[in-house]
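Novice: Below are the structure tokens for one structure; questions will follow.
The values are calculated or read from the model by the stated rules, or taken from the named source; none is laboratory data. Quick caveat, the model's predicted, so the values are computed rather than measured. Here the Cβ positions follow ideal geometry from the backbone for every residue, glycine too, while neighbour counts run over all protein chains shown. Heavy atoms of the whole protein, side chains included, go into the accessibility calculation; ligands, DNA and RNA do not. Shrake-Rupley method; radii C 1.70, N 1.55, O 1.52, S 1.80 Å.
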Amino acid sequence: MTGVEAVLRAERLAIGVAGVVLYLVLGGSWLLLVPLLLAIDLSMIGYLAGPRVGAITYNAAHNFVIALLTVGAGWWFGIAWLQLLGAVWIAHVGADRALGYGLKLPTDFRDTHLGRIGRDS
């Protein structure tokens, strides 16, 4: 890992931690945090329809744009649970990126914008 890669991973980890902190500051439950973090990976169900559909569903659930819009909409409309959902979403995406899991390419689950993941990478 180069110095630049290390800095980028640290930034992604910081975003993930910020999402957890926001979730807790907004009054989110510690008991629900882990299940909510893992629930976002249900988007992988799209891979049952093939790698192209899987990449679309996975990427829809694993990007900062939708997560930030969710927090913003929750704040704008005063919907606390929407803010909490967005915070967890930010935490999940940040943690995924810090671990090297990127947005999926339509070729294969292991092909991401950050490079190939898995044993044959």
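Novice: What does the charge add up to near L103, with Lys and Arg as +1, Asp and Glu as -1, over the other residues with Cβ less than 15 Å from its Cβ?
Specialist: Local charge sum for L103: +2.
Novice: For T112, which sequence-distant residues (separation of 5 or more, or a different chain) have an amide H within less than 5 Å of its own amide H, given hydrogens modelled in the peptide plane?
Specialist: The answer is L105, I117.
Novice: Under 18 Å from a label point 7 Å along Cα→Cβ of L24: give me every residue in the range 68-93 with its amide N that close.
Specialist: In the range 68-93, the label zone of L24 (backbone N under 18 Å from the point 7 Å along Cα→Cβ) covers 84-93.
Novice: Express the Stokes-Einstein translational diffusion coefficient of the chain in µm² s⁻¹, to the nearest whole number, given a Kirkwood radius over alpha-carbon pairs, 25 °C and a viscosity of 0.890 mPa s. Could you put the intermediate results ahead of the total?
Specialist: Numbers: Rh = 14.9 Å.
In µm²/s, the coefficient rounds to 164.
Novice: Moving on. What is the distance, in nm, between label points placed 7 Å from the Cα along the Cα-to-Cβ direction at F64 and at L32?
Specialist: A separation of 2.6 nm, rounded to one decimal place.
Novice: Carbon and sulfur together cover what percent of the accessible area of the chain at a 1.4 Å probe radius?
Specialist: The value for the chain is 74 percent carbon and sulfur by accessible area.
Novice: Given a 1.4 Å probe, how much area per residue of the chain is accessible, in Å²?
Specialist: On the way: 7270 Å² over 121 residues.
On a per-residue basis, the chain sits at 60 Å².
Novice: If I stretch the segment between E11 and I45 completely, what's the gain in nm (0.36 nm per residue apart, minus their alpha carbon distance), one decimal?
Specialist: On the way: separation 34, 0.36 × 34 = 12.24 nm, distance 2.86 nm.
Here the answer is 9.4 nm.
Novice: Given a cut-off of under 8 Å on Cα pairs at least six residues apart, what relative contact order in percent is computed for the chain?
Specialist: Rounded, it is 33 percent for the chain.
Novice: If you don't mind, there's one more thing I want to ask. Which order, highest average first, do 40-46, 19-25, 74-80 follow once you tally other Cβ atoms within 10 Å for each residue and take the mean per peptide?
Specialist: 19-25, 40-46, 74-80
Novice: Which value, in nm² and rounded to one decimal, describes the direction-averaged projected area of the C-alpha convex hull of the range 57-121?
Specialist: In nm², the orientation-averaged hull projection of the range 57-121 is 4.5.
Novice: Taking θ = phi - 60°, what integer Hz values does the Karplus form 6.51 cos²θ - 1.76 cosθ + 1.60 yield along the range 58-66, in sequence order, with x for Gly and Pro?
Specialist: Each residue's phi maps through the Karplus curve to give 4, 5, 5, 9, 10, 9, 6, 4, 5 Hz.
Novice: Shifting gears a bit: Within a Cβ distance under 12 Å of G16, other residues only, what is the Lys/Arg minus Asp/Glu net charge?
Specialist: Result for the neighbourhood of G16: +1.
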